[in-house]
Structures are given as C-alpha cells and as structure tokens.
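Visitor: Mind looking over this structure? Questions follow.
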Amino acid sequence: NAGVTQTPKFQVLKTGQSMTLQCAQDMNHEYMSWYRQDPGMGLRLIHYSVGAGITDQGEVPNGYNVSRSTTEDFPLRLLSAAPSQTSVYFCASISHRNNEQFFGPGTRLTVL
Amino acid sequence: AQSVTQLGSHVSVSEGALVLLRCNYSSSVPPYLFWYVQYPNQGLQLLLKYTSAATLVKGINGFEAEFKKSETSFHLTKPSAHMSDAAEYFCAVTTIYSSASKIIFGSGTRLSIRP
C-alpha cells in the first residue's frame with residue numbers, strides 16, 4: 001500500500017493563479033480531509049468528505065473548493081491564490097473502524 | 001463544538017528527564033482524543049488515542065496519556081526523554097457523534113531535548 005500520496009511536494013504561485021493539489025489513498029477509506037498548517041496555529045480543517053459525492057466545509061473553507069468523485073481521490077482546488085494561502089497542506093484519510101487518521105507527506109505552497 | 005488547548009508552545013527537557021506535554025479539551029459530548037507527532041518536514045504520525053475504553057492509554061515510543069474527565073485533560077507523558085523525541089506534538093479531539101473527518105487539532109507543542 002502506498003497509503004496517502006500528495007502531489008506536488010512544492011509549488012510556487014503568483015497571486016490570482018489557480019491550481020489543484022492532488023490527494024489519493026489506496027486504503028479504501030471513506031473519510032478524507034484537507035488541512036493547512038501554519039506556524040503557531042496547528043492544523044486547521046479546510047474541507048472534509050465522508051464518502052464519494054459527499055463533501056462539507058471545515059474551519060477555514062474560504063478560497064478552496066473540493067470534490068470527491070471517487071473513493072480514492074480528494075483534490076483541493078485554489079480558485080484564485082492569495083498570499084494568505086501560503087502554507088503547508090496536508091491530506092488525511094481516516095479509518096472508520098477506529099478513527100485513526102493517515103496523513104500524506106504534505107504540499108508546501110508559496111503564493112507571491 | 002469541541003476544541004483543544006495545548007499549554008506551552010515550546011517545552012525543553014534534558015535527556016533522561018520526564019516529558020510532560022499538556023492538553024485540555026472542551027467537548028459537550030464524550031470525546032475521542034489523540035496525540036500526534038510530527039518530525040521536521042514530515043506528515044503527522046499517530047502516537048496514541050483514547051476512544052472511551054481504558055483511561056490510561058499507552059502509545060508508541062514509550063509515550064502514554066491519561067484521560068481525566070474531571071479535569072478535561074489528556075496530558076502526554078514519557079518517563080525518560082530521548083534525543084529522538086525532539087519533534088512537534090499535537091493533541092486532537094473529535095467525538096463519537098462527529099464525522100471522523102472532523103478532527104480538531106491544538107496549536108502544537110515543540111519538544112526540545114537537551115543533551
């Protein structure tokens with residue numbers, strides 16, 4: 001099992017550009033989440049999904065879109081990048097048996 | 001809504017000393033509680049979790065945590081610190097009524113180990 005994979009590892013964008021952060025898991029987990037990590041603020045939940053076709057907003061959803069067309073994939077879209085979105089983004093896949101989260105390696109995004 | 005507060009953004013201990021990282025939670029319903037560790041430039045790894053079974057939970061790498069409902073606490077301890085324990089530690093909470101996807105994290109505590 002590859003677990004949770006994220007691409008790209010690093011990305012630099014200019015203000016106003018759009019892009020998609022990819023996340024995939026091969027553990028057949030129904031639940032997946034996106035977090036951003038900023039210094040001194042821990043991880044904040046952006047969006048989450050409880051299954052294919054079902055998504056919902058977390059603590060900080062503004063400026064981000066998600067979709068879940070398959071169980072395996074949960075992409076995060078930045079519609080119009082802003083410097084405030086400079087952060088490290090983590091995708092997580094959750095086992096519904098014991099609520100254990102499995103994290104991807106992260107994407108470090110810089111918006112200029 | 002639930003939340004967690006981690007007391008102390010940075011803790012420094014000597015090698016071989018007791019490690020104590022503090023976490024207090026707020027939840028109106030029975031919580032599930034977690035501790036995660038993050039090494040530099042890596043994702044998060046689960047250390048241990050409390051899901052309403054035994055109140056003293058043992059995890060990996062010699063860490064343990066005790067759920068104290070009366071104090072709304074879930075502090076992480078390790079009897080003897082090792083240099084390899086230097087990392088950032090996050091406490092997290094969800095509830096049996098929440099989606100497993102809605103785990104809320106604390107702001108983290110950076111643990112440094114002095115030789």
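The values are calculated or read from the model by the stated rules, or taken from the named source; none is laboratory data. Keep in mind that what you see is a predicted model, and the values were worked out from it rather than measured. Cβ placement follows ideal geometry from the backbone for every residue including glycine, while neighbour counts extend to all protein chains displayed. Quick note on the areas: whole protein, heavy atoms, side chains included, nothing else; ligands and nucleic acids left out. Shrake-Rupley method; radii C 1.70, N 1.55, O 1.52, S 1.80 Å.
Visitor: Going from the alpha-carbon gyration tensor of region A:55-112, what semi-axes, largest first and in whole Å, does one get by taking the root of 5 times each eigenvalue? Let's see the in-between values first.
Guide: Values: eigenvalues 105, 38, 22 Å².
For region A:55-112, the ellipsoid semi-axes come out as 23, 14, 10 Å.
Visitor: What are the GluC sites (Glu not before Pro) within region B:16-115 that DSSP puts in a loop, where the Cβ has at most 14 other Cβ atoms within 10 Å? Let's see the in-between values first.
Guide: On the way: sites: B:GLU64, B:GLU66, B:GLU71, B:GLU88; in loops: B:GLU71.
Sites meeting the loop and neighbour criteria: B:GLU71.
Visitor: Comparing B:SER73, B:SER28, B:SER84, which has the greatest mean-square fluctuation in the GNM of chain B with Cα pairs linked when under 10 Å apart?
Guide: Most flexible of the set in this elastic network: B:SER28.
Visitor: Subtract the Cα-Cα distance of B:MET83 and B:GLU15 from 0.36 nm times their separation in residues, and report this length gain in nm to one decimal.
Guide: Residue separation times 0.36 nm, minus the Cα-Cα distance, leaves 23.8 nm.
Visitor: Using a Cα-Cα cut-off of under 18 Å, which lysines could be cross-linked to B:LYS102, ignoring same-chain neighbours fewer than 8 residues away?
Guide: Reachable lysines: B:LYS49.
Visitor: Sticking with this structure for a sec: Write down the Å³ per residue value for the convex hull defined by the alpha carbon atoms of the protein assembly as shown.
Guide: Here the figure is 119 Å³ per residue.
Visitor: Semi-axes of the equivalent ellipsoid for region A:19-92, please: Cα gyration tensor eigenvalues, times 5, square-rooted, ordered largest first, whole Å.
Guide: On the way: eigenvalues 84, 33, 23 Å².
Value: 20, 13, 11 Å, ordered largest first.
Visitor: If each of A:GLN57 and A:ARG97 carries a label point 7 Å out from its Cα toward its Cβ, how far apart are those two points in nm?
Guide: Reported label-point gap for A:GLN57 and A:ARG97 is 3.5 nm.
Visitor: Quick check: convex hull over the Cα atoms of chain B, volume per residue in Å³, rounded to an integer?
Guide: Values: hull volume 10.9 nm³, N = 115.
Per residue, the Cα convex hull of chain B comes to 95 Å³.
Visitor: When only Cα pairs under 8 Å and 6 or more residues apart are kept, what is the percent relative contact order across chain B?
Guide: On the way: 291 pairs, mean separation 43.1, N = 115.
Computed over chain B, the figure is 37 percent.
Visitor: Hey, another quick one. For chain A, what's the relative contact order in percent, using C-alpha pairs closer than 8 Å and at least 6 residues apart?
Guide: On the way: 295 pairs, mean separation 39.8, N = 112.
Relative contact order comes out at 36 percent.
Visitor: In chain B, what percent of the accessible surface is made up of carbon and sulfur (1.4 Å probe, ligands and nucleic acids excluded)? Let's see the in-between values first.
Guide: Details: 2690 of 5290 Å².
The value for chain B is 51 percent carbon and sulfur by accessible area.
Visitor: Counting only heavy atoms of protein chains, what accessible area per residue, in Å², does the protein assembly as shown have with a probe of 1.4 Å? Don't skip to the answer; put the middle values down first.
Guide: Working: 10420 Å² over 227 residues.
Roughly 46 Å² per residue, with all protein chains present.
Visitor: State the volume of the convex hull built on the alpha-carbon positions of region B:1-44, expressed per residue in Å³ and rounded to an integer.
Guide: Details: hull volume 5.1 nm³, N = 44.
So the per-residue Cα hull volume is 116 Å³.
Visitor: Of all trypsin sites (Lys or Arg not before Pro) in region A:61-112, which ones are in loop regions per DSSP and have a Cβ with at most 10 other Cβ atoms within 10 Å?
Guide: Working: sites: A:ARG68, A:ARG77, A:ARG97, A:ARG108; in loops: A:ARG68, A:ARG97.
Filter output for region A:61-112: A:ARG97.
Visitor: If you don't mind, another one. Could you give each residue of region B:14-19 its phi-based ³J(HN,Hα) in whole Hz, using Karplus coefficients 6.51, -1.76, 1.60 with θ = phi - 60°, and x for Gly or Pro?
Guide: 7, 4, x, 7, 5, 9
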